[in-house]
Amino acid sequence: MRAEGVETARRILCVFPRYTSSFGTWEYAYPLTDGIKAFMPPQGLLVIAAYLPPDWQVRFVDENLRAATEEEFEWAEAVFVSGMHIQRQQMNDICHRAHAYDLPVAIGGPSVSACPDYYPSFDYLHIGELGDATDELIARLSRDTRRPDEQIVLTTKDRVDMCDFPIPAYELADTKKYLLSSVQYSSGCPYQCEFCDIPGLYGRNPRLKTPQQIIAELDRMRECGIGDTVYFVDDNFIGNRKAALDLLPHLIEWQKRTGYITRLACEATLNIAKRPEILEKMREAFFVTIFCGIETPDPDALKAMHKDHNMMVPILEGVRTINSYGMEVVSGIIMGLDTDKPETGEALLAFIEESKIPLLTINLLQALPKTPLWDRLERENRLIHDEGRDSNVDFLLPYDQVLASWRKCMEIAYQPERLYARFQYQCDFTYANKLKVPASTQQASWANIRRGLIMLRKIFWKVGVLSDYRKVFWKFALGRLRRGDLEGLIGPALIAHHLIMFARAASVGQQNASNYSLRLREASVPAE
Ligand code: SF4
C-alpha cells in the first residue's frame, strides 16, 4: 500500500449518500425481507477506507441505512464522500452538514470525476481513480486537518494497479442489511456506445485484478457475513474474454469449496451469447443472472448509438441462449432515442412479451457528461439544463409524447399478470437449467431457515392477503409450493412487488423517467 509512512494518524468518517427512490433502489421489496434496507455496500468508499494508512481510524456510514450522527461528526477529523450523479444533492448535503462541524470534506468517485463543477463547496476534489491523488490527499490531511482557504483539486495521473487494490473494508459495513454484495474484477470497456461514460472515465482497455484477489475478496465477504448473492460490478464481464475465462475456474473451485451458497451475477454485453465456452463455465460457477444493456430491439437505433455488438446474434436468440444456461437476463432499455417513432412503445412492449425478460430497467435517454452523446447534443444545441424535466435531452419527438409513452410502457409491462407470466416462464425454461447444487449444511442451517420463514410470512401476509394482485400471486406461488421450490417463490415475489408498486407510481408521474433526473429528488434530502 503506497499511503504508508505519513506523519500523523487521523480519524476519517466515510459517508455514502442516500439514493433517491428509483427502479434500482428496491425499497418496496425491503418490507418483505428480514431487515434488508439497501441494495449493495459501496465498493469505492470501502476500498478507500481500506487504502488509508493502517494506524488511521475509519468509520463508515451508509446513509441508505441511517444518517451520520452528531457524535460521528464530532469524532471525525475529516469526512470522505463518494457517489454517482444521481446522489449529487445528497453529497452536497453531507458536505454542508460536515462543514457545520468545521470539518474538511473530500469527495471522490464517478460523479466528481466527470463533473467537478457540481461540487463547489467541497474542500478537496479527488478526480479519477485510486492513485497519486489519493496519496496526496492522505499526505495533506496528515499534515493539517484545517479546512483549506480554497478548494483543492487533486487529479490522479498515476493509478494504482488493480492488482494492488486492497480488499474493500467490508468489516466496516453492516453487511446483513444489504440485498446483494458486489465485487469488481475489471474496470473499463472496449466498446464506445454513444450514451455511455464508462470508456471515457475508465478506459477502453479493461484493467484487471487477479483471480486470487477475487477469491480472497469472496472469502473476506463470507467472513463478514455477506454472500447470498454477489454481483460482479465490472462494466462488462467479458470486456476481456480471456480474463473472464481465466477467472471462471477459480470461481468454480471456490463454489465447490464453500458449498455453492453464493449465487453470482454480472453485467455483460449480449454478444456473450456467442461464447458457449464462457456460458458453460459461468453456469458451473453458479452465475444465475446477467444484466445486458439491450437498450432497444430496434436495429437502426442500435446502429445509431454504436451498439452494433448487440446484433452479433439476433437479440431474442441471444436471450434464449443465455436462459438455456440457467441464467436470467435483466435488461436495460432506453426510450427517447433519435430513432424512436410514435410506435416505439408498442414495439418495446411486444419485445418484452416475446423475450420473457421479467426485469427491465426502462429509462428515458439522459446525456451524461464525458460521453459522445453529450458532445453531439451540445453541438446540435439539444441539451436542456432544466432540473424540472425528466431528461436533459431535447428529443426529436415531442417531450410529452415520449414521457407518456414511457409511462404507458411502465404501466403495461409491470401489470401483475404480465410480470408473473414472465417469471413463470423463467421458472420453467431458465431456472430449470441452473446447476443442480449439492445441499450444504449452511443452506439448511437454522439461521437460513429462519430467514426464509420470516420472508415467507411477510410475503404471504403483505402480498398474499393484503395486496390487490393476490390472485395472480397465489397462482404463481401455489405452483412453486407444490414443487417445494421456496427459493423460486421468494426471489420473484420480492422483485415483483417492487416492480409492480414502482411502476404504478411511475405511470401516474410519481417517479422519474430517468435514473439521472433530479426531478422529485428534493424530498429525499436529508437522510432520515
Ligand atoms: S458495452 Fe456497456 S459498458 Fe461498454 S460502452 Fe457500451 S454501454 Fe458502456
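Of the set (1) within 24 Å of Met162 (Cα to Cα); (2) polar (S, T, N, Q); (3) surrounded by fewer than 22 Cβ atoms within 10 Å (Cβ to Cβ), all apply to Thr134 but (3). For Ile352, the criteria (1) under 24 Å from the mean Cα position of the chain (by Cα); (2) within 14 Å of the ligand (Cβ to nearest atom) hold in every case but one, which is (2).
Number of residues in region 161-192 that are within 19 Å of Ala114 (Cα to Cα) and more than 16 Å from the ligand (Cβ to nearest atom): the value is 0.
Please find, among Lys436, Lys458, the residue that is under 29 Å from the mean Cα position of the chain (by Cα) and outside any helix (DSSP H, G or I). None of the others qualify; the one that does is Lys436.
Note on region 277-295: residues that are outside any helix (DSSP H, G or I) and either under 24 Å from Met311 (Cβ atoms) or open to solvent by 60 Å² or more (accessible area, probe 1.4 Å) (or both) total 8. Screening Met335 with (1) modelled with pLDDT of 95 or more; (2) farther than 27 Å from Phe23 by Cβ gives one miss only, at (2).
Can you find even one residue in region 75-84 that is part of a loop (DSSP other than H, G, I, E, B), farther than 23 Å from Thr20 by Cβ and not β-branched (Val, Ile, Thr)? Yes. Across region 364-388, the number of residues qualifying as within 20 Å of Tyr118 (Cβ to Cβ), outside any loop (DSSP other than H, G, I, E, B) and in contact (Cβ under 8 Å) with a residue 60 or more places away in the chain comes to 1. Would you confirm, using the coordinates I've provided, whether Tyr191 is under 25 Å from Met311 (Cβ atoms), over 18 Å from the mean Cα position of the chain (by Cα) and aromatic (Phe, Trp, Tyr)? Yes, satisfied.
Scanning region 252-276 for residues that are under 16 Å from Lys434 (Cα atoms), away from the ligand (no atom under 16 Å from the Cβ) and either in a helix (DSSP H, G or I) or out of contact with any helix residue (DSSP H, G or I) (no Cβ under 8 Å at 6 or more places or on another chain) (or both) yields Ile252, Gln255, Lys256, Gly259, Tyr260, Ile261, Arg263, Pro276.
Which one is nearest to the ligand (Cβ to nearest atom), of the residues in region 297-338 that are in contact (Cβ under 8 Å) with a residue 60 or more places away in the chain and open to solvent by 30 Å² or more (accessible area, probe 1.4 Å)? Once the filter is applied, the top-ranked residue is His306. Among the candidates Glu217, Glu150, the residue that is over 21 Å from the mean Cα position of the chain (by Cα) and either at pLDDT below 95 or away from the ligand (no atom under 16 Å from the Cβ) (or both) is uniquely Glu150.
Kindly evaluate Gly345 against the criterion of being closer than 25 Å to Ser21 by Cβ, assigned to a helix (DSSP H, G or I) and either basic (Lys, Arg) or open to solvent by less than 10 Å² (accessible area, probe 1.4 Å) (or both). Yes; evaluated as a whole, the condition is true for this residue. List pairs: first in region 280-295 and within 12 Å of the ligand (Cβ to nearest atom), second assigned to a strand (DSSP E or B) and of a type in the set (S, T, N, Q), Cβ under 7 Å, 6+ apart or cross-chain? Matching pairs, first to second residue: Cys292/Ser331; Ile294/Ser331. For region 439-446, indicate whether the set of residues that are touching a helix residue (DSSP H, G or I) at 6+ places or on another chain (Cβ under 8 Å), over 26 Å from Cys409 (Cα atoms) and surrounded by 14 or more Cβ atoms within 10 Å (Cβ to Cβ) is non-empty. Taking every residue of region 439-446 in turn, at least one turns out to be touching a helix residue (DSSP H, G or I) at 6+ places or on another chain (Cβ under 8 Å), over 26 Å from Cys409 (Cα atoms) and surrounded by 14 or more Cβ atoms within 10 Å (Cβ to Cβ).
Residues that are basic (Lys, Arg) and touching a Ser or Thr at 6+ places or on another chain (Cβ under 9 Å) were ranked within region 204-214; the one that is farthest from the ligand (Cβ to nearest atom) is Lys209.
Which ones in region 78-98 are buried (at least 17 other Cβ atoms within 10 Å of the Cβ) and over 26 Å from the mean Cα position of the chain (by Cα)?
Correct list: Ala78, Arg97, Ala98.
Only residues that are surrounded by fewer than 22 Cβ atoms within 10 Å (Cβ to Cβ) and either of a type in the set (A, V, I, L, M) or within 16 Å of the ligand (Cβ to nearest atom) (or both) were counted in region 222-234, giving 2. When Ser391 is tested against the conditions (1) in a loop (DSSP other than H, G, I, E, B); (2) farther than 22 Å from Cys196 by Cβ; (3) of a type in the set (Ser, Thr, Tyr), the lone failure is (2). Is it true that Pro110 is within 22 Å of Tyr178 (Cβ to Cβ) and in contact with a strand residue (DSSP E or B) (Cβ under 9 Å, 6 or more places away or on another chain)? When the stated conditions are applied, Pro110 passes them. Residues of region 193-203 that are within 6 Å of the ligand (Cβ to nearest atom), touching a residue at least 40 places away in the same chain (Cβ under 8 Å) and open to solvent by 20 Å² or more (accessible area, probe 1.4 Å): Cys196 alone.
The values are calculated or read from the model by the stated rules, or taken from the named source; none is laboratory data. Remember, predicted model here, so these are calculated numbers, not experimental data. Reconstructed Cβ throughout: ideal geometry from the backbone, glycine too, with neighbour counts over all protein chains shown. Keep in mind that these areas ignore ligands, DNA and RNA; they rest on the heavy atoms of the full protein, side chains included. Shrake-Rupley method; radii C 1.70, N 1.55, O 1.52, S 1.80 Å.
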